[in-house]
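**Q** One structure, as structure tokens, below. Some questions next.
The values are calculated or read from the model by the stated rules, or taken from the named source; none is laboratory data. As the structure is a prediction and not an experimental result, all values here were calculated from the model. Every residue, glycine among them, receives a Cβ derived from its backbone with ideal geometry; neighbour counts consider all protein chains shown. Accessible surface is based on the protein model in full, side chains and every heavy atom, while ligands, DNA and RNA are left aside. Shrake-Rupley method; radii C 1.70, N 1.55, O 1.52, S 1.80 Å.
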Amino acid sequence: MPADKSSPSRARLWPPVLGRAVVALAFGAVTVFWGHPTTAGAAWAVAPYLWFLLAAEVWLIRSERPAPGRASALIGLVPYAGAAVLGVVIVALPSDAVVGAAGAAALALVGISDVVRGALSRRASGSGVSPLARDALIAGVVNLGAGILLPFFAASGPHALLGVAGGAAVITGVLLVIAGLSLRHDAAADARVA
């Protein structure tokens, strides 16, 4: 069946989805294999992760054509930009408390953004529903959960903080790899049919 003109093209969506997956999995790998991180090291691991998440979200929103509504774009960009600013705070004031609190707020912002965008996409009527609606909801819940849990691990040190944030990143990374590869497969099938 040819792609509906009102829904985002799978051919344009899969690269930014896989891009975000790579960002999440790279951060997750750092958190898994770094045995004894310092607080400053944890800050410098979390902050670029938040900055690259913003870049991936900008890429995704630019790839959604027809263009997402203004409200949808703002719901996607403003929380991610807030998370990126919190990344600057984390690097500027590296302490377990700041990494825990600012990291929690950043992950919660990212999670809320994904949940809201996923829910709005699912509520849309017709075939214009984004093929990423369900994946956005799941990624949002995972990041929101990590954001809620992170402050409880601040007293345990940077290794625990990276473990919680990295665990969420690995889960969302794997989910988004599957979503991106599925979109790529579907785009190839759509091209063969058209």
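**Q** Tell me which residues, restricted to segment 63-80, are modelled with pLDDT under 90 and not in a loop (DSSP other than H, G, I, E, B).
**A** We begin by selecting, within segment 63-80, every residue modelled with pLDDT under 90; these are 63-76.
Residues satisfying the conditions are SER63, ARG70, ALA71, SER72, ALA73, LEU74, ILE75, GLY76.
**Q** Additional query: Do any residues in segment 20-33 that are assigned to a helix (DSSP H, G or I) have Cβ atoms under 6 Å from those of residues that are open to solvent by 30 Å² or more (accessible area, probe 1.4 Å), where the two are at least six apart or on different chains, and which pairs are they?
**A** Going by the 6 Å Cβ cut-off, the qualifying pairs are ALA21/VAL177; VAL23/PHE52; GLY28/VAL170.
**Q** I've got another one for you. Every residue in segment 1-44 that is at pLDDT below 85 and surrounded by fewer than 15 Cβ atoms within 10 Å (Cβ to Cβ), please. It would help to see each step written out before you state the result.
**A** First pass over segment 1-44, keeping only residues at pLDDT below 85: 1-11.
Scanning segment 1-44 gives MET1, PRO2, ASP4, LYS5, SER6.
**Q** Among the residues of segment 49-78, which ones are open to solvent by 30 Å² or more (accessible area, probe 1.4 Å) and either touching a Phe, Trp or Tyr at 6+ places or on another chain (Cβ under 6 Å) or closer than 19 Å to ALA146 by Cα (or both)?
**A** TRP51, PHE52, LEU54
**Q** Right, something else. Could you say which residue among GLY100, GLY118 is touching a Gly at 6+ places or on another chain (Cβ under 7 Å) and among the small types (Gly, Ala, Ser)? Working first, answer last.
**A** On the way: GLY100 fails: touching a Gly at 6+ places or on another chain (Cβ under 7 Å).
Of GLY100, GLY118, the one residue that is touching a Gly at 6+ places or on another chain (Cβ under 7 Å) and among the small types (Gly, Ala, Ser) is GLY118.
**Q** For a quick check of your reading of the model, give me the residue pairs whose first member lies in segment 121-140 and is under 19 Å from LEU53 (Cα atoms) and of a type in the set (Asp, Glu), whose second is open to solvent by 70 Å² or more (accessible area, probe 1.4 Å) and modelled with pLDDT of 80 or more, with beta-carbon atoms closer than 9 Å and at least 6 apart or on different chains.
**A** Listed pairs, sorted by first residue: ASP135/ILE178.
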